[in-house]
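Trainee: Here it is: the structure, laid out below.
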Amino acid sequence: MNEQRIVFLMYHELEETGRRLGQSEPGYVRYVLRVADFQAQMELLRSKGWRGVSVGEAIRFTDDKLVAVTFDDGSETDLLFAAPLLKRLGFGATFYVTTRFLDQPGYLSHAQLRELRALGFEIGCHSMTHAYLTDLDSDGLRREIAEAKTHLEQILGERIEHFSCPGGRYDRRVAQVAAQAGYRTVATSQIRANSMSTDRFTLGRVAVMRSTSLHAFEEIY
């Protein structure tokens, strides 16, 4: 019997006409989707009988028509645009937050982060400063992975169990520090679906890009 596989989608900031992006560099903008494009993708999933879920729900593998929806960085658009649409469709998601971005222009405030969690969405950690983890020594890894986890837990008053790697930069040291810190999963940018046999500390994800057409999106899952 073939093993059930679930695709984990990776998003970043969403763009709405008249609203400035958090960053303007081409390397950043290529990951920014227009709100209308994100809406079309989520509605397509729903129309085909798929359901968007958080990482925590996805790794239980209870249904063969699930897609994990994840966002990196902690952009303010997570709450302003993504969350209302996902709620309307009955979808879950995991929002991975970079803790030092909180309260910065274009990013979630502490209050908005609590509001996002109160809406029922899962909050994960995307490091302290968005440093590339493979460039760091042991102390740096503990700061970006373990201390960032503690910071988020203090803000939200609950355990943070899921981590995603900035820039997809990953090595076995990352898995070791994450496990020691008490995370249940680590998401990378390796392009592959996940199954029950996938190492929970090397979960694959598929980045949805600004250039991803609706037809190309349908081929992902």
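Trainee: Check off (1) farther than 29 Å from R30 by Cα; (2) touching a residue at least 24 places away in the same chain (Cβ under 8 Å) for Q176 and give me the number that stays unchecked.
Mentor: (2)
Trainee: Counting residues that are more than 28 Å from E3 (Cβ to Cβ) and at pLDDT 95 or above, which strands (runs of 3 or more DSSP E) fully inside segment 104-220 reach at least 1?
Mentor: Numbers: elements: 122-125, 162-164, 185-187.
It comes to 122-125.
Trainee: Please find, among I145, I160, the residue that is farther than 17 Å from F95 by Cβ and surrounded by 17 or more Cβ atoms within 10 Å (Cβ to Cβ).
Mentor: Working: I160 fails: farther than 17 Å from F95 by Cβ.
None of the others qualify; the one that does is I145.
Trainee: Follow-up question, since we're still on this one. Within segment 109-137, count every residue that is open to solvent by 70 Å² or more (accessible area, probe 1.4 Å) and either of a type in the set (D, E, K, R) or over 27 Å from A58 (Cα atoms) (or both). It would help to see each step written out before you state the result.
Mentor: Residues of segment 109-137 open to solvent by 70 Å² or more (accessible area, probe 1.4 Å): 114-115, 117-118, 132, 135, 137.
So of that shortlist, the ones also either of a type in the set (D, E, K, R) or over 27 Å from A58 (Cα atoms) (or both) come out as 114-115, 117, 135, 137.
Looking only at that region, the number is 5.
Trainee: Does segment 112-161 hold any residues that are farther than 14 Å from V177 by Cβ, of a type in the set (K, R) and under 16 Å from the mean Cα position of the chain (by Cα), and which are they?
Mentor: Residue satisfying the conditions is R117 alone.
Trainee: Sticking with this one: Checking L80 against (1) in contact with a helix residue (DSSP H, G or I) (Cβ under 7 Å, 6 or more places away or on another chain); (2) in a helix (DSSP H, G or I); (3) not charged (D, E, K, R), which single condition isn't satisfied?
Mentor: If we test L80 against (1) in contact with a helix residue (DSSP H, G or I) (Cβ under 7 Å, 6 or more places away or on another chain); (2) in a helix (DSSP H, G or I); (3) not charged (D, E, K, R), just (1) comes out false.
The values are calculated or read from the model by the stated rules, or taken from the named source; none is laboratory data. For clarity, every value in this text was computed on a predicted model and none was experimentally measured. Note that we place each Cβ from the backbone using ideal geometry, even for glycine, and neighbour counts take in every protein chain shown. Surface areas here come from the heavy atoms of the whole protein model, side chains and all, with no ligands, DNA or RNA. Shrake-Rupley method; radii C 1.70, N 1.55, O 1.52, S 1.80 Å.
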